[in-house]
Every structure is written in structure tokens, then in C-alpha cells.
Amino acid sequence: MLLDVRDLRVEFRTRDGVAYAVNGVSYGVDAGETLAVLGESGSGKSVTAQAVMGILDTPPGRITGGRILFRGRDLLTLKEEERRRIRGAGMAMIFQDALSALNPVMTVGDQLGEMFVVHRGMSRKDARARAVELMDRVRIPAAAQRVRDYPHQFSGGMRQRIMIAMALALEPALIIADEPTTALDVTVQAQVMDLLAELQREYRMALILITHDLGVVADVADRIAVMYAGRIVESAPVHDIYRAPAHPYTRGLLDSVPRLDQKGRQLYAISGLPPNLTRIPPGCSFHPRCPLARDVCRTDDPPLYGVDDGRSSACHFWRECLHDRDH
Ligand SMILES: Nc1ncnc2c1ncn2[C@@H]1O[C@H](COP(=O)(O)OP(=O)(O)OP(=O)(O)O)[C@@H](O)[C@H]1O
Ligand code: SF4
Ligand SMILES: [Mg+2]
């Protein structure tokens, strides 16, 4: 396994007390594989990714447990300098908001070129040529001229392509894309997503795609990990999840997506709100919102039960969920 996150725990000190943002997350990706990470706002998707990338805000954040194995080495034990090297050439991240991720006072050509100068020891001239190639590769029209432009001179979709180019520059084995298209118009979203998926196949990179959007997941992901209150509550090959979710929360997420084959059907919304992370409910943290909850759910925290090959669910009643297709 290329990346193997085991039992990761992250806390934040806040004015309200300790927020338990990540509570024993385990997930992994193989080379060339795409893992989609789903879950409502605040479920710990980004914090987990930041811990993997080594860019967590510490303080207020603190990693209190777990391991992050990349090519078998635990990143949490490495020195910052080694970590930085891996961040450049081993893994890269694409953020939601390119405008704040890119340097506003540097041309995109210089920013892209800098990757080659710093990490590959290239001359400025060669680096500039590579920058143009990359911009071509992510289909930015008139790349040879546009290398001299600044980030604010590009549209949102084009900026996102530049960020993809930055992430690809050193041909990392793993890319983490955190809501890469959320800030874009719907039509542009699809183009950027298609481009990312195409490049991932071509470069055979592993991709962790963090998203709210179950619509895009079916087309691009191999596996899905669903997060709730800082935990993985279901993890499965993508087709299994679409066929029949094994966790009521996953079912709620799926049922709240409009489907072409079920026009006119009332859309379902998961009732209630995600928990306050300083006061996560005892037992199953989803129980206050769960249509299947019963007494044991209020007291006993469900472990991740093995459902099937490569599939697990943190629900005491996963069998029921799996077989009950209409709530
Ligand atoms: N810098 C921070 N300071 C304090 N708490 C934080 C900080 N960053 C994250 N948290 C806590 O961690 C929780 C999880 O945050 P995270 O950003 O991982 O959510 P997410 O699943 O990525 O949500 P979204 O879909 O909105 O991006 C937050 O609800 C918050 O309580
Ligand atoms: S363990 Fe209980 S509350 Fe939690 S998801 Fe399953 S049925 Fe719902
Ligand atoms: Mg996030």
C-alpha cells in the first residue's frame, strides 16, 4: 500500500474545550488508485489530509495518536526536512481555493518553474519551458504567452488547472485533492474533474479526492471512505456502496443526491446536525440522527465490522441497513 493511515487522532484546543476532530481514522490508497472521502462539513476530511501532508496547524491542532505510513515509512517520525522532500516529490495537494493557494505577486510561470528549479536543480530557462509544457498539459490556451500572467488574471477554472499543474509538476505518487472543484461553476467543475481524472490515469498517481459531491464520485473513484464526526463509518469499493450502503449515514448521503432514474421522488435529507466535536455523543456518534437507532446505539460504540472483502461498516445493524432498501 502506498499510503496507509492507521488509527490517526487529531485534537484542537478551542475556547469551548478540546475538539476531537479525528478519532481513529484508518484509510489507505494503493498506487494508481482513487479513494473518495465523503462526509458533511466538519467531519474531519481536511484535517486528516492536512495531517498526511504535514501541513496541520499546530497549535491549535495536535496529532495525539496513530501512524501515517508512506511507502512503508511513518511520516510522523521524520524530520521536517525529510517531510518537505516527500511533500515536494512524493505527494502534492490541490486545494479548493486556488487564489489563496497561489502566490499573488508571482507569475504562474515563475511559480511552476520554481518547482523545477528548487527540486530538480534546473536552470530558469529550462524551468520556464517545463512550465509552458505543463500549462499546455492542463489545457490552458496560449500557454506560451500566459506563463507571464499573474494568478488573478485567470478565471477560476483556469486557476484550478494551474494548481493541478503545480501538483503534477514533480510527478508525485499521490495527490490529495480537497474539494478541488467546489468553488467553480457547475459546467467548469465537470471539465476540471475530467481533466484531473484523465491526468491521474495517465501519470498512474494515487488520488485521494475529498468531496461533498456523491455525483462525481461514481465516475472517478475506486473506493469510498465515508467520514462522520472524525471517524470512518463506512469504507467500500465504490460500486458496492452505490448498490447498497451498509451504514445508515451513507444511505442518508446517497438518498440526498438527486438521481436521474428517480425523477419526481422526494429528496431525503438527513435530519439534525453533525455533533459538536467537543461533545461527541456516547455510543454511536450518529445515533441522535439515525433512523435505525435503538438502545444499544446510545451506549455501545460500534467497531468497524467487516462486511465483505474490502468493505467495513461502523454500524451494529449493518446487515439490516444492507438489506433494507427502502428505509
Ligand atoms: N484551525 C483549526 N482550529 C480549531 N479547530 C479546527 C481547526 N481546523 C479544524 N478544526 C476542527 O476540526 C473539525 C474538522 O474540520 P475539517 O476541516 O477536517 O472538516 P471537513 O470535513 O474538511 O469539512 P468541510 O467539508 O467543511 O471542509 C472542524 O469542525 C473543527 O472543529
Ligand atoms: S450503530 Fe445504531 S445509531 Fe449507529 S448507525 Fe448503526 S443503527 Fe444507527
Ligand atoms: Mg474540508
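Any read-out appearing in this document is the output of simple, stated calculations on the displayed coordinates, not a laboratory observation. Everything numeric in this text was worked out from a predicted model, so none of it was measured. Cβ: placed from backbone, ideal geometry, glycine included. Neighbour counts: every protein chain shown.
Would you calculate a helix-derived [θ] at 222 nm for the chain, using -39,500 (n - 2.57) for each DSSP H run of n ≥ 4 and dividing by the full residue count, to the nearest 500?
Numbers: 13 runs with 117 residues, N = 327.
Value at 222 nm, helices only: -10000 deg cm²/dmol.
What shape does the range 64-117 have by the C-alpha gyration tensor, where a ≥ b ≥ c are the square roots of the eigenvalues, rounded means a/c under 1.5, and otherwise prolate means a/b greater than b/c and oblate the rest?
Prolate, since a/c reaches 1.5 and a/b exceeds b/c.
Based on the mean of other beta carbon atoms within 10 Å per residue, what is the order of 130-141, 300-311, 173-184, most packed first?
The most tightly packed comes first, giving 173-184, 130-141, 300-311.
Could you state the angle between the C-alpha long axis of helix 186-203 and the longest principal axis of the C-alpha atoms of the chain, as a value from 0 to 90 degrees rounded to the nearest 10?
So the helix axis and the longest Cα principal axis differ by about 80 degrees.
Work from the charge dipole of the range 64-109 (Cβ charges, +1 for Lys and Arg, -1 for Asp and Glu, about the Cα centre) and give the residue of 109, 77, 91 farthest towards its positive end.
77
So if each residue of separation counts as 0.36 nm, and I subtract the Cα-Cα distance between residue 271 and residue 148, what length gain in nm does that give?
That works out to 39.3 nm of additional length.
Tell me the angle of helix 108-120 to the major Cα principal axis of the chain, expressed in degrees between 0 and 90 and rounded to the nearest ten.
90
How large is the dipole of the chain about the Cα centre if only Lys and Arg carry +1 and Asp and Glu carry -1, each at its Cβ, rounded to the nearest 20 debye?
640
Using a 10 angstrom cutoff on alpha carbons, build the Gaussian network for the chain and name the most mobile of 67, 13, 161.
So, out of 67, 13, 161, the one fluctuating most is 13.
Give me a comma-separated list of calculated 3J(HN,Hα) values for the range 31-41, in order, Karplus coefficients 6.51, -1.76, 1.60 applied at θ = phi - 60°, integers in Hz, x for any Gly or Pro.
3, x, 8, 10, 10, 9, 10, 10, x, 5, 4
For labels at residue 16 and residue 185 in the simple 7 Å Cα→Cβ model, what's the distance in nm?
Taking the simple label geometry, residue 16 and residue 185 are separated by 3.7 nm.
Return the single residue from 47, 118, 108 with maximal mean-square fluctuation; model: Gaussian network over the chain, springs between Cα atoms under 10 Å.
Of 47, 118, 108, the Gaussian network model singles out 118 as fluctuating most.
For residue 219 and residue 243, what does the FRET efficiency come to when R0 = 22 Å and r is the distance between their Cβ atoms, rounded to the nearest 0.05?
Result of the calculation: an efficiency of 0.90.
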